[in-house]
Amino acid sequence: MALLRRSVGFAGRLFSTTTCRASLAAADDVSKLGPKEVAVQFSAAQVTGTNEMQSATGVVTAVGSGVTGIAANDTVASVAGVGGAFREVAKVPAGSLLKLPAGVPPEFGCLLEAPLTAALLLKDVAAGATVVQSGAGTPVGQAVVQLAKAKGIQTVSIVEPHPESEELVKLLKNIGGDIVMPIEFAHSSEFNDLMQDLSKPTLAIHCIPFLQDPSILKKVPAGAAPYSQWKVVMEDALFEDKRQIKISATLAAMSAASVSHGPYAAELPGTAVSAKSVGAKELEAELALVSDLLSSGSMSLWVESFPPEDLKFATETATQLFHSYRTPVLNFGK
């Protein structure tokens, strides 16, 4: 079948429509809500490559008993994930929902995990400090650059191997990256010279978007220092993975502290940071900061938007290793 795609750029966002065929699951029966349950009519949901509905945003249509802080007609987001199949109406635990301020577009509301994680990563970093990060082309990496710029923090960003690495370098520079480079440069002697000319990084932020053999992370000893963690991993890593892991070991060695995010962060004891693992109440300060930046146009998220009938294609797109630096979103158009 021929594929039609229409893309429109607006205020740093990219929306596209693709003709394909798919269907949603039936809506939840929300006529009876349990204690602390909320009925939500969704307007957008992130597509991650699985059949499970993850982060989503929508409008509350009803609340169950014992629900406080959220009322009918509030716009909310579920950062931790909705669960179950993709559907337009669902019952959701009230405690998992963030009430969104006015002005946050639905397509951005369902992508808040990345900027909120970035806000947590930079929470204790003061203005004037230097932060180095790997995996800078990921949604979290893009958000780190923009949040750091807003907070007066200098960033050194290393873009992971990617067919669009040149575009990613340009993008990160355009949104406020101070020093941005492809991973190839970070392996050169010029990189070491560059870092010696800068003040010692306060924080190294590690992200490896993909590994050929993720099982090697299970060998990391509990309680080991960040540099030692990455050194242990590198010893047994496949050749294809060593380049990314070596960068993390280098950044950990030159920085005062280390944190990690991404699909393998949970395997690294004591360093993992994710908005999904933090309660909605604990994210209020970070949400206010991110919402202000989004509403003012000081932060952009890159979206590839699909209509509900294209769910199957959107899911296939999300599973492609290098599909894009944009995040697929199912837009219900409500």
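Among the residues of segment 76-101, count how many are without any contact (Cβ under 8 Å) to a residue 60 or more places away in the chain, surrounded by fewer than 19 Cβ atoms within 10 Å (Cβ to Cβ) and either more than 25 Å from GLY49 (Cα to Cα) or among the small types (Gly, Ala, Ser) (or both).
The number of residues fulfilling the criteria is 3.
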Looking for whichever is in the same structural domain as GLN133 (by TED's automatic domain parsing), of a type in the set (Gly, Ala, Ser), surrounded by fewer than 19 Cβ atoms within 10 Å (Cβ to Cβ) and modelled with pLDDT of 90 or more here; the options are SER215, SER228, SER199. Which one fits?
SER199
Can you tell me which residue is surrounded by the fewest Cβ atoms within 10 Å (Cβ to Cβ) among those in segment 277-291 that are in a helix (DSSP H, G or I) and not small (Gly, Ala, Ser)?
LYS281
For segment 2-65, which strands (runs of 3 or more DSSP E) that fit wholly inside it have 2 or more residues that are modelled with pLDDT under 50, surrounded by fewer than 16 Cβ atoms within 10 Å (Cβ to Cβ) and of a type in the set (D, E, K, R)?
5-10
In segment 78-111, what residues are out of contact with any Asp or Glu (no Cβ under 9 Å at 6 or more places or on another chain) and closer than 24 Å to GLY137 by Cβ?
VAL104, PRO105, GLU107, PHE108, GLY109, CYS110, LEU111
Restricting to segment 254-264, name every residue that is under 15 Å from LEU211 (Cβ atoms) and modelled with pLDDT of 90 or more.
SER260, HIS261
Yes or no: SER248 modelled with pLDDT of 85 or more, touching a Phe, Trp or Tyr at 6+ places or on another chain (Cβ under 6 Å) and of a type outside the set (A, V, I, L, M)?
yes
Complete set of residues in segment 292-306 that are farther than 23 Å from GLY135 by Cβ and touching a strand residue (DSSP E or B) at 6+ places or on another chain (Cβ under 6 Å)
SER305, PHE306
If LYS312 meets every condition in (1) more than 19 Å from GLU113 (Cα to Cα); (2) assigned to a loop (DSSP other than H, G, I, E, B) apart from one, which number is that one?
(2)
Report yes if some residue within segment 239-255 is assigned to a loop (DSSP other than H, G, I, E, B), among the hydrophobic types (A, V, I, L, M, F, W, C) and under 25 Å from ALA126 (Cβ atoms); otherwise report no.
no
Is it the case, given these coordinates, that GLU107 is surrounded by fewer than 16 Cβ atoms within 10 Å (Cβ to Cβ) and either of a type outside the set (A, V, I, L, M) or in a helix (DSSP H, G or I) (or both)?
no
For the structure I just gave you, tell me whether PRO139 is assigned by TED's automatic domain parsing to the domain that holds ALA249 and not aliphatic (A, V, I, L, M).
yes
Identify, please: which residue in segment 172-196 is among the aliphatic types (A, V, I, L, M) and over 25 Å from GLU235 (Cα atoms) and is, among those, surrounded by the most Cβ atoms within 10 Å (Cβ to Cβ)?
LEU172
Please find, within segment 292-310, the residue that is surrounded by the most Cβ atoms within 10 Å (Cβ to Cβ) out of those that are under 16 Å from PRO139 (Cα atoms) and hydroxyl-bearing (Ser, Thr, Tyr).
SER305
Scan segment 143-153 residue by residue and report those that are over 16 Å from GLU286 (Cβ atoms) and either surrounded by 24 or more Cβ atoms within 10 Å (Cβ to Cβ) or not assigned by TED's automatic domain parsing to the domain that holds GLU164 (or both).
VAL145
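Looking at this structure, is GLU267 modelled with pLDDT under 85 and exposed (fewer than 15 other Cβ atoms within 10 Å of the Cβ)?
For GLU267, the condition - modelled with pLDDT under 85 and exposed (fewer than 15 other Cβ atoms within 10 Å of the Cβ) - is not met.
The values are calculated or read from the model by the stated rules, or taken from the named source; none is laboratory data. These numbers come from a predicted model, not from an experiment. Please note: Cβ atoms are built from the backbone with ideal geometry, for glycine as well, and neighbour counts cover all protein chains shown.
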